1. Kindly indicate whether Val296 is among the hydrophobic types (A, V, I, L, M, F, W, C), outside any loop (DSSP other than H, G, I, E, B) and either in contact with an Asp or Glu (Cβ under 9 Å, 6 or more places away or on another chain) or within 30 Å of Ala206 (Cα to Cα) (or both).
2. Can you say whether Leu261 is in contact with a strand residue (DSSP E or B) (Cβ under 6 Å, 6 or more places away or on another chain) and more than 16 Å from ligand 1 (Cβ to nearest atom), as far as the supplied structure shows?
3. Counting only residues that are under 30 Å from the mean Cα position of the chain (by Cα) and more than 13 Å from ligand 1 (Cβ to nearest atom), which one in the stretch 121-137 is farthest from Val154 (Cα to Cα)?
4. Could you pull out every one of the helices (runs of 4 or more DSSP H) wholly within the stretch 307-380 that has 2 or more residues that are in contact with a helix residue (DSSP H, G or I) (Cβ under 7 Å, 6 or more places away or on another chain) and farther than 20 Å from Gly290 by Cβ?
5. For the structure I just gave you, tell me whether Gly45 is more than 16 Å from ligand 1 (Cβ to nearest atom), on the phi > 0 side of the Ramachandran plot and in contact with a strand residue (DSSP E or B) (Cβ under 9 Å, 6 or more places away or on another chain).
6. Kindly check whether there is at least one residue in the stretch 55-69 that is of a type in the set (Val, Ile, Thr) and buried (at least 24 other Cβ atoms within 10 Å of the Cβ).
7. Does any residue of the stretch 180-190 turn out to be more than 29 Å from the chain's Cα centre (by Cα) and either more than 16 Å from ligand 2 (Cβ to nearest atom) or not aromatic (Phe, Trp, Tyr) (or both)?
8. Search the stretch 157-185 for residues that are within 14 Å of Glu126 (Cα to Cα) and pair each with any residue that is of a type in the set (A, V, I, L, M, F, W, C) and away from ligand 1 (no atom under 16 Å from the Cβ) when their beta-carbon atoms are under 6 Å apart and the residues are at least 6 apart or on different chains.
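None of the figures in this text is laboratory data; all of them are computed from the coordinates on show. The structure displayed is predicted, hence computed values, not measured ones. Backbone-built Cβ (ideal geometry, glycine too); neighbour counts: all protein chains shown.
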Amino acid sequence: GESIKILDSTLREGEQTPGVIFSEEWRIKIAKSLSDVGVHLIEVGDPNVAPDVRSAISKIIALKRDGEIKSEIVVHSRSVKSDIENATSLEPDRVAIFYGVSDIHLKHKHRKTREEALAIIAEHVEFARGAGVKVRFTAEDATRADLDYLIQVVKTARDAGADRVSIADTVGILTPDRARQLFSKLKEAVPGVGLDIHAHNDLGMAVANSMAATEGGADVVHTTVNGLGERAGITPLQVFVAAYYYHKGVKLIDMAKLPYLASLVEAASGIAQMPTFPITGDNVFTHKAGVHQAGVLANPETYEPFPPEVVGRSRDFSLDKYSGRRAVAHRLERLGVKVDEETLAKVVEELKSTNARRLRDEDLLEILEKVTGVRYKAYV
Ligand code: HCA
Ligand code: CU
């Protein structure tokens, strides 16, 4: 995958996170920000969910028309004619219609045979095409479908006018090996149609599966900011683009703005990231143990995959009883305080006897005062 693109679905899949409802203001703000960071496609929602979702979507589409949003705008819809009509009436760039294609979905959700489903897929893709918009067909639960049948599904959607098909790992059961093979088989069996990977994170494999899918031939990767979505969510935008940068040497979007995006979506969704969340979590460029701190101070490559600035972050060192002399000296230097090695040793010694969870600058200066009897003033 040389020229893969990001489709961000924070506004559609992301709003399927329990407890998350985006107001119109947040929805528009998120869409603009996604466009600003260079996300290629934005899935803005399903207008059939509720009237206010529809009206917010139509405002985003107007912003696209006015040139304020650059990304391709995708509207999601069930494979139901009235829903599709409602979606296409907003004149988005693309409509994405989904239908379950595994036997589990066919039998228990749709109550259709495989043959009936193919006819339904063809009919609804053609119907959507009739409105003059680009059409993506989503093969829901594709990764639990019979492979030969899935090939027929992709062919049917293509022949009915879909230029893209999303291969949805709806319950997150792919592995990277299977993802790579599945996409390369589909690519070979059905030429002339673009393939999206939509990977759920139920088993924590969404990023790895998405990356492997691009190696097999997927050229659009679905993400949400902070990995929001049904259940365990889907591929987190910030993690996927950082992993792609590390492994493939390509910056897919403006990565320095990722912390801003992550905070924006935390505020909009009311869902905070774990401090250990890759790339944008509070802790992920902070070094704690003395061995790590000394290593990073000698050369950051010792304990960092890439410099934090690449993703708009900065490096930090936490101070507690795990800290060593180098990190304490470094923090004191930052505060404009220079001390000799003997004093440094005493400070570290003193740190060992505190159980403070994370020392602030002021705490460190107090320890220094205790050890030396001198009150140091920070020059910062
Ligand atoms: C859904 C299903 C979906 C669709 C994915 C896609 C899935 O919640 O409507 O359109 O690519 O995971 O199968 O999110
Ligand atoms: Cu999904």
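1. Working: among the hydrophobic types (A, V, I, L, M, F, W, C): yes; outside any loop (DSSP other than H, G, I, E, B): yes; either in contact with an Asp or Glu (Cβ under 9 Å, 6 or more places away or on another chain) or within 30 Å of Ala206 (Cα to Cα) (or both): yes.
Yes: the conditions hold for Val296.
2. Details: in contact with a strand residue (DSSP E or B) (Cβ under 6 Å, 6 or more places away or on another chain): no; more than 16 Å from ligand 1 (Cβ to nearest atom): yes.
For Leu261, the condition - in contact with a strand residue (DSSP E or B) (Cβ under 6 Å, 6 or more places away or on another chain) and more than 16 Å from ligand 1 (Cβ to nearest atom) - is not met.
3. Narrowing the stretch 121-137 to residues under 30 Å from the mean Cα position of the chain (by Cα): 121, 124-125, 128-129, 133-137.
Keeping just the survivors that are more than 13 Å from ligand 1 (Cβ to nearest atom) gives 121, 124-125, 128-129, 133-134.
Values: Ile121: 10, His124: 14, Val125: 11, Ala128: 16, Arg129: 16, Val133: 19, Lys134: 16 Å.
Filtering the stretch 121-137 for residues that are under 30 Å from the mean Cα position of the chain (by Cα) and more than 13 Å from ligand 1 (Cβ to nearest atom), the one farthest from Val154 (Cα to Cα) comes out as Val133.
4. Details: elements: 325-334, 341-352, 361-372.
It comes to 361-372.
5. Working: more than 16 Å from ligand 1 (Cβ to nearest atom): no; on the phi > 0 side of the Ramachandran plot: yes; in contact with a strand residue (DSSP E or B) (Cβ under 9 Å, 6 or more places away or on another chain): yes.
The answer is no for Gly45.
6. As a first pass, look at the stretch 55-69 and keep what is of a type in the set (Val, Ile, Thr): 57, 60-61, 69.
Filter once more, so that each one left must be buried (at least 24 other Cβ atoms within 10 Å of the Cβ): 57, 60.
Within the stretch 55-69, one or more residues are of a type in the set (Val, Ile, Thr) and buried (at least 24 other Cβ atoms within 10 Å of the Cβ).
7. Initially, the stretch 180-190 is screened for residues more than 29 Å from the chain's Cα centre (by Cα), giving 189.
Applying the additional criterion that residues be either more than 16 Å from ligand 2 (Cβ to nearest atom) or not aromatic (Phe, Trp, Tyr) (or both) yields 189.
Yes, because at least one residue in the stretch 180-190 is more than 29 Å from the chain's Cα centre (by Cα) and either more than 16 Å from ligand 2 (Cβ to nearest atom) or not aromatic (Phe, Trp, Tyr) (or both).
8. Matching pairs, first to second residue: Ala160/Ala122.
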